[in-house]
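Notes follow once the structure below has been shown.
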Amino acid sequence: MIAAPEVREIRKAEQIQFENQGYLYLPQLMNPALTSRVKAAYQRAQDDQLALQMASEKRAHYDVSQLLDTDPVFSELAVLPDLLPYLVATVGDDVQLVQASARLFPPGKTFTAPWHSDMANTLGIDLAHSAHFHIKVHFYFEDLQPNQGCLAFLPGTHRLPREKERPRPQDIDAHRDSVIIVPKAGDAVLFNTHCLHMCLDNTSTADRRTLIYAYSHFWVKQQSNAYPANESWIPSDPLARQIFGLGAEGVEFFDQRPWVQPRPSAIKNLRQRLGKRILGRVS
Ligand SMILES: O=C(O)CCC(=O)C(=O)O
């Protein structure tokens, strides 16, 4: 039997905030030492992969490819002990990392669609009732200024029924109508990707540099950037392995979370109770 991971429950108020508003702001999720290591590793990946590209080609944003292969700290981040309770509470026991990227957004207009859901083209599930389907975590290792391409949300919009009209982007005044998160180094923001969101223009003079990890269920396709080629960078405990797509052997996709014991069926329970009663009478 696989021992259950020791993951604390998140506070009720946080759970309610996530269910109703669609996002959670997690100040100081990373401690200062980890934040510095992440920043240094990001800078190395930027120098190795993005510097030449940025000098030769102007783009709205740049992404580091195969981020988790560039430094073990990026795998560490995906299964940070203080993050696990939030992953389990917002996705479930079968949570898996499905995508991981490092993004650089130079000063300029936003590159995201205005007030979008990442799930708009997902058919076959009722997204308004699937608050635990797909989340993202943005990690910040340096302070952002309010005009440096911050994330903004229209809280609660993930709960709108599919047939209900969405607000028209031209009617939204981000500063009046949305929640804009201006993070400090060490902070993270976790959100239901069906909640309408966008990144605002970067009108500052500085690049906005972030890490973006997406999580969903074990049965959802995992991108190749969501696990490190070097398996020794993956911790050995079952929950961390599962998060990197290494499920328990012999357990079906849909049954991963092997520490959860299958609940005996009602009929089996009844048989056992009757059996005990009969035995009790004869002895
Ligand atoms: O801020 C970004 O880089 C992208 C924001 C966004 O739309 C997302 O993460 O889905």
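Any read-out appearing in this document is the output of simple, stated calculations on the displayed coordinates, not a laboratory observation. Here the structure is a predicted model, which is why all the values come from computation and not from measurement. Here Cβ is always computed from backbone atoms with ideal geometry, including for glycine, and neighbour counts include all displayed protein chains.
Please report HIS194, HIS138 as a ranked list, fewest other C-beta atoms within 10 angstrom at the top and most at the bottom.
HIS138, HIS194
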Sorted by Cβ density within 10 Å, fewest first, the residues ARG159, ARG166:
ARG166, ARG159
Got a sec? Charge dipole of the chain, +1 on Cβ for Lys and Arg, -1 for Asp and Glu; which of PHE74, LEU50, TYR23 is way out at the positive end?
TYR23
Once exposed loop GluC sites (Glu not before Pro) are cut out (DSSP; at most 11 other Cβ, 10 Å), longest piece of the chain
58-162
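Classify the range 92-224 from the C-alpha gyration tensor, please: rounded if a/c falls under 1.5, else prolate or oblate depending on whether a/b exceeds b/c. Each step should come with its number before you reach the end.
Numbers: a/c = 2.10, a/b = 1.22, b/c = 1.72.
It is oblate, given that a/c is not under 1.5 and a/b is not larger than b/c.
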Tilt, helix 12-21 to longest principal axis of the chain (alpha-carbon atoms), in degrees rounded to tens, equals 60
Let me spell out the model: positive unit charges on the Cβ of Lys and Arg, negative unit charges on the Cβ of Asp and Glu, origin at the Cα centre of the range 81-171. What dipole size does that give, in debye rounded to 20?
360
Reach of LYS221 by Cα under 27 Å, taken over lysines that are not fewer than 8 positions away in the same chain:
LYS136
Long-range HN-HN contacts of ARG208 with modeled amide H, under 5 Å:
PHE105
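Assigning unit charges at the beta carbon (Lys, Arg +1; Asp, Glu -1) and nothing else, what dipole magnitude in debye, to the nearest 20, does the chain show about its Cα centre? Before the final figure, lay out the partial values.
Details: 30 positive and 31 negative charges, 255 e Å.
In debye, rounded to 20, the chain gives about 1220.
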Could you give me the percent of Cα pairs per 5 Å distance bin for the chain, shortest bin first, beginning at zero and ending with the bin that holds the maximum distance?
1, 5, 11, 14, 17, 16, 13, 8, 5, 3, 2, 2, 1, 1, 1, 0, 0, 0
When VAL64, VAL137, VAL179 are ranked with the fewest other C-beta atoms within 10 Å first, the list becomes VAL179, VAL64, VAL137
Hey, if you put +1 on the Cβ of every Lys and Arg and -1 on every Asp and Glu Cβ in the chain, which of GLY186, LEU200, PHE253 ends up farthest toward the positive end of that dipole?
PHE253
Selection from GLN223, LEU160, GLN170, by position along the positive dipole direction of the range 12-282 (Cβ):
LEU160
